Every structure is written in C-alpha cells, then in structure tokens.
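Novice: Please see the structure below; I have some questions.
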Amino acid sequence: MATPDFIRTIRASAGHQLLWLPGVAAVVFDDEGRVLLGRRADNGRWALIGGIPEPGEQPAACAVREVFEETAVHCVAERVVLVQALAPVTYDNGDVCQFMDITFRCRAVGGEARVNDDESLEVGWFPVDALPDLNEFALLRIKQALSDSPTWFEPIGLD
C-alpha cells in the first residue's frame, strides 16, 4: 500500500510512533459471482483491494476509488460487511500503524481488471470456490460479503 502524502506529513513530526488510522477493504463481485483480488507488490501475497481514506473522504468513496486505482475496475459499494480494529503493524522502516478496518461488499459495474498502479503485481477475478492462498482475515471478509448476515463486529461482553 502506498503511503498517502498526509501520513508522510504526520510522520515528519510524529516519527515512528503508533498512528491510529482508518482503512477500507473492498470485496468486489462481478456478475458471475467471482471476487476481485490483487497480488500485492510489497509482499507478493494475494489480497482484497483496500487502502486509507484521504482526510474527509467517505469510506465507501475510498473503497470505490482504491478499486479503480489498483485494478481499473469500476464498482459501487453496496453495504458494510465488517468493522474491526486490527492489531498494530510494524513496517520494515519502523513505522507503527493500527487500522480500523471497514470492509464493503461491492459490485463491479465496468472496466477490465488489470494492474493499474504500482501496488499490485497481478489482479484477477477468482471463483469463490477456487481462491488463491489468502490469509484468514481476507477469507472471513469474503464469507461475510457472501452472506446476508448483519455487519460483523467484535461482540462486547457485558459484565
């Protein structure tokens, strides 16, 4: 994921300390029910398309923008399928971030899937019963997007 300019500005004064950031992911389906994935340039792994909203940008608009920027596919966000605070991540340069992930189910409405920026090595459509190796969190988000269940969030215990 490319680092947005506004985060570079914050890092200039904040250094490597933990930044709490919004993040969005898009589970994009085509008319055949296939899911759109990108093979990330930073780690070579297949993943859902996602990114960081710009200041003031609505999360759904960010999801749609990121999908187009990374894959040249036009989509519309249909619903929120998951909201979850993720564990902190420490990057190779020492920067620490923690993301509040908002995952959207999206529907492709145009464009041809292709690598459209430098964040992906490959992009493609995959049948949900023939996905490449994905991490468990990506699989959970796809499962949620396929279901008619309410938005998933970590339940809180009432003591």
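The values are calculated or read from the model by the stated rules, or taken from the named source; none is laboratory data. Because the structure is a prediction, the values reported are computed rather than measured. Methodologically, a virtual Cβ is constructed for each residue, glycine included, from the backbone with ideal geometry; neighbour enumeration extends over all protein chains shown. Please note that ligands, DNA and RNA were not included when accessible areas were found on the heavy atoms of the full protein model with its side chains. Shrake-Rupley method; radii C 1.70, N 1.55, O 1.52, S 1.80 Å.
Novice: I'm trying to understand the selection: among the residues of region 121-159, which are closer than 15 Å to Phe104 by Cβ and part of a loop (DSSP other than H, G, I, E, B)?
Specialist: Ser147, Ser149, Pro150, Thr151
Novice: While we're here: Scan region 117-144 for residues that are in contact with a strand residue (DSSP E or B) (Cβ under 9 Å, 6 or more places away or on another chain) and among the aliphatic types (A, V, I, L, M) and jot them down.
Specialist: If the condition is that a residue be in contact with a strand residue (DSSP E or B) (Cβ under 9 Å, 6 or more places away or on another chain) and among the aliphatic types (A, V, I, L, M), then Leu121, Val123, Val128, Leu131, Leu134, Ala138, Leu140, Ile142 are the ones that fit.
Novice: Restricting attention to region 144-159, and to residues there that are open to solvent by 60 Å² or more (accessible area, probe 1.4 Å) and over 19 Å from Gly23 (Cα atoms), which single residue is modelled with the highest pLDDT?
Specialist: Checked region 144-159; the qualifying residue modelled with the highest pLDDT is Leu146.
Novice: Related question: Go over the candidates Val80, Val28 one by one and state the one that is out of contact with any helix residue (DSSP H, G or I) (no Cβ under 7 Å at 6 or more places or on another chain) and touching a residue at least 12 places away in the same chain (Cβ under 8 Å).
Specialist: Checking each option against the conditions leaves just Val80.
Novice: Which ones in region 107-131 are free of Cβ contacts under 8 Å to residues at least 40 places away in the same chain and open to solvent by 40 Å² or more (accessible area, probe 1.4 Å)?
Specialist: Val109, Asp129, Ala130
Novice: Being buried (at least 21 other Cβ atoms within 10 Å of the Cβ), in contact (Cβ under 8 Å) with a residue 40 or more places away in the chain, out of contact with any strand residue (DSSP E or B) (no Cβ under 6 Å at 6 or more places or on another chain) and more than 18 Å from Leu140 (Cβ to Cβ) is the requirement here; does Gly44 meet it?
Specialist: No; evaluated as a whole, the condition is false for this residue.
Novice: Inside region 51-88, can you point out the residues that are touching a Ser or Thr at 6+ places or on another chain (Cβ under 8 Å), under 12 Å from Ser120 (Cβ atoms) and either among the charged types (D, E, K, R) or open to solvent by 20 Å² or more (accessible area, probe 1.4 Å) (or both)?
Specialist: Listed by number, the list holds a single entry, Glu70.
Novice: Considering every residue within region 99-106, establish whether at least one is surrounded by fewer than 18 Cβ atoms within 10 Å (Cβ to Cβ) and out of contact with any Leu (no Cβ under 8 Å at 6 or more places or on another chain).
Specialist: So far as region 99-106 goes, no, none of its residues is surrounded by fewer than 18 Cβ atoms within 10 Å (Cβ to Cβ) and out of contact with any Leu (no Cβ under 8 Å at 6 or more places or on another chain).
Novice: Taking only pairs six or more apart or across chains, which ones have beta-carbon atoms under 8 Å, a first residue in region 132-145 that is acidic (Asp, Glu), and a second residue that is open to solvent by 50 Å² or more (accessible area, probe 1.4 Å)?
Specialist: Note: pairs meeting the criteria are Asp133/Arg45.
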